[in-house]
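J.: To start, I am sharing the structure in question, which I have written as structure tokens.
The values are calculated or read from the model by the stated rules, or taken from the named source; none is laboratory data. Please read all numbers here as calculations on a predicted model, not as lab measurements. Cβ placement follows ideal geometry from the backbone for every residue including glycine, while neighbour counts extend to all protein chains displayed.
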Amino acid sequence: MRINFELALLKRIKLISELISINQHPLKNSNIKNIKKELLSDNWYTLNKFTFDYQKIDGTWETQYREAYDRGNGAGILLYNEKKGTVILTKQFRMPTYVNGNEDGMMIEVCAGLLDGDNPEDCIRKETEEETGYKIDKVRRVFETYMSPGSVTEILYLFIGAYEEKMRVSDGGGAADETENIEVMEYSFETAIKMIASGEIKDAKTILLLQYAQIHRLVS
């Protein structure tokens, strides 16, 4: 009984501290107030329910409810070889797509990963070596984006980086302890662009970076 009471008390203290933190944070939208946060799940990452008051255009206030999935921020990179006219992409199984219309669950994507405490530049260099086997030094951040702002908090920092064969230090495939089973793919840039139209590439960050490369003529 005492243990249950202590657990309930700790949960209550945590909730109060989160509410104080949210409402003291320098949020700049005066149309939002009284934000309350409730943890729904932290089995893998965290799913929170937010209750808040929102001021409508007519000046009246209403209480709204939203859920937000917090998995941290991430980074992705398009590796390109201007002389060869090629790009490096990856292929791996993605369960959420498999249960929502993707017949085999396989997705062709740019190299990407979560920051896990690193800055975006260091993260993407590490992910590039782990996933593709290329050890690169120079990367350029081209933009950052919220990929699913209605439900996911993640900011994705997107990069481009040139690669050459001499930069390859391993076969890649992802970190052994992360069960990623990544296949490294090299495509001509022309083929990769056509794969967007054909539906072979459906990943948003990959489409964004390929189209960025096309607009800025990174690859001939």
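J.: When you scan the stretch 171-193, how many residues do you find that are of a type in the set (Ser, Thr, Tyr) and either in a helix (DSSP H, G or I) or farther than 22 Å from TYR212 by Cβ (or both)?
T.: Residues flagged as of a type in the set (Ser, Thr, Tyr) and either in a helix (DSSP H, G or I) or farther than 22 Å from TYR212 by Cβ (or both) within the stretch 171-193 amount to 2.
J.: Condition (residue is of a type in the set (A, V, I, L, M), within 15 Å of LEU208 (Cα to Cα) and not in a helix (DSSP H, G or I)) applied to the stretch 130-149: is it met by at least one residue?
T.: From the stretch 130-149, those of a type in the set (A, V, I, L, M) are 136, 139, 142, 147; that's our starting set.
If we keep only those that are within 15 Å of LEU208 (Cα to Cα) too, we end up with 142, 147.
So of that shortlist, the ones also not in a helix (DSSP H, G or I) come out as 142, 147.
There is at least one residue in the stretch 130-149 that is of a type in the set (A, V, I, L, M), within 15 Å of LEU208 (Cα to Cα) and not in a helix (DSSP H, G or I).
So that you can scan it fast, the table gives a plain yes or no per residue for (1) modelled with pLDDT under 95; (2) at negative phi; (3) under 21 Å from the mean Cα position of the chain (by Cα):
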{"position": "ILE35", "(1), (2), (3)": "no, yes, no"}
{"position": "SER41", "(1), (2), (3)": "no, yes, yes"}
{"position": "TRP44", "(1), (2), (3)": "yes, yes, yes"}
{"position": "PHE52", "(1), (2), (3)": "no, yes, no"}
{"position": "ASP58", "(1), (2), (3)": "no, yes, no"}
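Yes or no, residue by residue, for (1) over 15 Å from ILE77 (Cβ atoms); (2) without any contact (Cβ under 8 Å) to a residue 12 or more places away in the chain:
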{"position": "TYR157", "(1), (2)": "no, no"}
{"position": "ASP177", "(1), (2)": "yes, yes"}
{"position": "THR191", "(1), (2)": "yes, yes"}
{"position": "GLU200", "(1), (2)": "yes, no"}
{"position": "ASP203", "(1), (2)": "no, no"}
{"position": "LEU210", "(1), (2)": "no, no"}
{"position": "ALA213", "(1), (2)": "no, no"}
{"position": "SER220", "(1), (2)": "yes, no"}
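J.: For GLU82, indicate whether it is in contact with a strand residue (DSSP E or B) (Cβ under 9 Å, 6 or more places away or on another chain), outside the structural domain of TYR146 (by TED's automatic domain parsing) and among the charged types (D, E, K, R).
T.: Working: in contact with a strand residue (DSSP E or B) (Cβ under 9 Å, 6 or more places away or on another chain): yes; outside the structural domain of TYR146 (by TED's automatic domain parsing): no; among the charged types (D, E, K, R): yes.
Considered against the rule, which asks whether it is in contact with a strand residue (DSSP E or B) (Cβ under 9 Å, 6 or more places away or on another chain), outside the structural domain of TYR146 (by TED's automatic domain parsing) and among the charged types (D, E, K, R), GLU82 comes out as no.
J.: Find the residue count for the stretch 171-200, including only residues that are out of contact with any Asp or Glu (no Cβ under 8 Å at 6 or more places or on another chain) and either of a type in the set (S, T, N, Q) or modelled with pLDDT of 95 or more (or both).
T.: We begin by selecting, within the stretch 171-200, every residue out of contact with any Asp or Glu (no Cβ under 8 Å at 6 or more places or on another chain); these are 171, 176-179, 181, 183, 185-200.
Now narrow it down to the ones that are either of a type in the set (S, T, N, Q) or modelled with pLDDT of 95 or more (or both): 179, 181, 183, 185-200.
Summing the residues that are out of contact with any Asp or Glu (no Cβ under 8 Å at 6 or more places or on another chain) and either of a type in the set (S, T, N, Q) or modelled with pLDDT of 95 or more (or both) in the stretch 171-200 gives 19.
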